[in-house]
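Some notes on the structure that comes next.
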Amino acid sequence: MPAIESDTIHDVIIVGSGPAGYTAAVYTARANLKPLVIAGSVETGGELMKTTEVENFPGFPEGIMGPELMANLQQQAERFGAELLYEDATAVELEGQIKKVILLDGTIHRARSIILATGSAYRELGLENETRLSGHGVSWCATCDGFFFREQDIVVVGGGDSAMEEALFLTKFASKVTVVHRRESLRASKIMADRAMAHPKIEFVWNSEVADVLGDAKVDGVLLRNLVTGEESKLAATGVFVAIGNDPRTALVQGQVDITAEGTIAVEGRSSRTNLPGVFAAGDVLDPTYRQAVTAAGSGCVAALDVEHFLGAAVPVYEEASAAAENSSVSA
Amino acid sequence: MSNVNAVTDASFEADVLQSDKPVIVDFWAEWCGPCRMLSPILDQIAQEHDSVKVVKVDVDENQAIAAKYGITSIPAVYVFKDGEHVATSIGAKPKQIIEKEFAEYL
């Protein structure tokens, strides 16, 4: 495919369109930096697009639907002049003063600074049969697929907030939801854990992992292994929803920026600065700990302010003045 | 405007199985976020490729067809040729990826 290189050198390109990417876009757009947002073609809006009610984003006393929150953030960014491209970045070149972002369609975009807000991706169990039966009973999205499991028995794997959210959502359809968790207590927040524990359709299997997913053409059960006793048992189920966490999405920048032992992009202190000048990170891709919509948004703000500072420091004031003089002499 | 026609349990036989051209069928639902991301992409594919027909099936309203083809995850995109189910792509994916997956039918 021939490379099409855009002539424009942007002040900043933001890769990602979750709460971090859009918040960085709102801030840099308000600072008149005309950010170019590589929003992705099918994952636009990030992980909140797959959720239902978001009850803990400040400012929404009645809660807000995830997709609606993201649509609002997008409009807010566009209102101040952010330019959105619904394309996927396949490569980046981060060295030097001008950074390049290469898209799946072959076009190349250039900028003086870049904010990496690529988020995180669902973690898989790592079982061969999990891959084979994906889309045939194995799923990562309860809001997408729960509907197909009406009056059936479902297994949810995981013990965090997203696992509880999936389990609770699935009770609308399923006759029984069994949560399989590696430990003997939940990692989820108390409010979510209490809700799940109190629900008559939800049962728990503690200290256990899913050792295999069973079924020929579609899922008909799971093989459970008790991690304390080593005992194995079969549990009949037609659906397996995997909610065991996420991994930071760093494939795009591997070998270019420093990565921490936890797999996130390494940044300096509380800033968003990576080891490369002009390259900043925001949201889940740098956060091994909190990973909330609101912390991602806060992190996007930090990156935007760091970019403003970087560009302000990088472009000496007299250059603008001489450029203005040049323009006026041309027009004279 | 979309040039992707809606197909129902009742019209599936005539619109898909008896079509002269290969048919890309988008199994979707209103409440499925990733489905909404994928539909404009399939729209574009329909516009750019005369060699195929693209249709969509709302699984909420057409549960018989969804059940018949064992749909348990959406968006699910199936290709039918001469009445046979010949290719599958599950999940919302970028246009270029879908075009690659379905290259032999486009």
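Specify which of the listed residues (A:GLU55, A:GLU78, A:GLU68) is under 21 Å from A:CYS301 (Cα atoms), open to solvent by 20 Å² or more (accessible area, probe 1.4 Å) and either more than 13 Å from chain B (Cβ to nearest Cβ) or small (Gly, Ala, Ser) (or both). So that I can check it myself, show each step before the final result.
Values: A:GLU55 fails: under 21 Å from A:CYS301 (Cα atoms); A:GLU68 fails: either more than 13 Å from chain B (Cβ to nearest Cβ) or small (Gly, Ala, Ser) (or both).
Unique residue meeting the criteria: A:GLU78.
If you scan segment B:22-39, which residues turn out to be under 17 Å from B:SER11 (Cβ atoms) and either in a loop (DSSP other than H, G, I, E, B) or of a type in the set (Val, Ile, Thr) (or both)?
B:VAL23, B:ILE24, B:VAL25
Out of the residues in segment A:235-266 that are among the hydrophobic types (A, V, I, L, M, F, W, C) and over 18 Å from the mean Cα position of the chain (by Cα), state the one that is nearest to A:THR143 (Cα to Cα).
In this case the residue turns out to be A:PHE241.
State whether one or more residues within segment A:103-124 are more than 14 Å from chain B (Cβ to nearest Cβ), more than 20 Å from A:PRO35 (Cβ to Cβ) and open to solvent by less than 50 Å² (accessible area, probe 1.4 Å).
Start the filter on segment A:103-124 by keeping residues that are more than 14 Å from chain B (Cβ to nearest Cβ), which leaves A:108-120, A:123.
When the remaining residues are screened for being more than 20 Å from A:PRO35 (Cβ to Cβ), the result is A:120, A:123.
Checking the rest, the ones that are also open to solvent by less than 50 Å² (accessible area, probe 1.4 Å) come to A:120.
Among the residues of segment A:103-124, at least one is more than 14 Å from chain B (Cβ to nearest Cβ), more than 20 Å from A:PRO35 (Cβ to Cβ) and open to solvent by less than 50 Å² (accessible area, probe 1.4 Å), which makes the answer yes.
Go through segment B:61-83 and count every residue that is within 14 Å of chain A (Cβ to nearest Cβ) and touching a strand residue (DSSP E or B) at 6+ places or on another chain (Cβ under 8 Å). Before you say what the answer is, go through the steps one by one.
Of the residues in segment B:61-83, the ones within 14 Å of chain A (Cβ to nearest Cβ) are B:61-78.
Filter once more, so that each one left must be touching a strand residue (DSSP E or B) at 6+ places or on another chain (Cβ under 8 Å): B:65-66, B:69, B:71-78.
Total meeting the criteria: 11.
So in segment B:1-52, with the set limited to residues that are among the aromatic types (Phe, Trp, Tyr) and open to solvent by less than 60 Å² (accessible area, probe 1.4 Å), which one is farthest from the chain's Cα centre (by Cα)?
At the first step, the residues of segment B:1-52 found to be among the aromatic types (Phe, Trp, Tyr) are B:12, B:27-28, B:31.
Add one more test, that the residue is open to solvent by less than 60 Å² (accessible area, probe 1.4 Å), and what stays is B:12, B:27-28.
Values: B:PHE12: 11, B:PHE27: 6, B:TRP28: 8 Å.
Of everything passing the filter in segment B:1-52, B:PHE12 is farthest from the chain's Cα centre (by Cα).
In segment A:225-250, what count of residues is obtained for those that are over 27 Å from A:ALA117 (Cβ atoms) and either free of Cβ contacts under 8 Å to residues at least 24 places away in the same chain or buried (at least 21 other Cβ atoms within 10 Å of the Cβ) (or both)?
Residues flagged as over 27 Å from A:ALA117 (Cβ atoms) and either free of Cβ contacts under 8 Å to residues at least 24 places away in the same chain or buried (at least 21 other Cβ atoms within 10 Å of the Cβ) (or both) within segment A:225-250 amount to 12.
Suppose we filter B:ASP58, B:ASP26 for residues that are in contact with a helix residue (DSSP H, G or I) (Cβ under 8 Å, 6 or more places away or on another chain), under 29 Å from A:MET70 (Cβ atoms) and away from chain A (no Cβ under 11 Å); which single one remains? Spell out the reasoning first.
On the way: B:ASP58 fails: in contact with a helix residue (DSSP H, G or I) (Cβ under 8 Å, 6 or more places away or on another chain).
Matching residue, one of B:ASP58, B:ASP26: B:ASP26.
Hand me the list of strands (runs of 3 or more DSSP E) wholly inside segment A:60-132 holding 2 or more residues that are in contact with a Gly (Cβ under 9 Å, 6 or more places away or on another chain) and of a type in the set (Ser, Thr, Tyr). Working first, answer last.
On the way: elements: A:83-85, A:89-93, A:99-103, A:107-116, A:120-122.
In segment A:60-132, A:120-122 are the strands (runs of 3 or more DSSP E) which contain 2 or more residues that are in contact with a Gly (Cβ under 9 Å, 6 or more places away or on another chain) and of a type in the set (Ser, Thr, Tyr).
The values are calculated or read from the model by the stated rules, or taken from the named source; none is laboratory data. Since this is a predicted model, take the numbers as computed values, not measurements. Note that each Cβ is placed from the backbone with ideal geometry, even for glycine, and that neighbours are counted across all protein chains shown. Quick note on the areas: whole protein, heavy atoms, side chains included, nothing else; ligands and nucleic acids left out. Shrake-Rupley method; radii C 1.70, N 1.55, O 1.52, S 1.80 Å.
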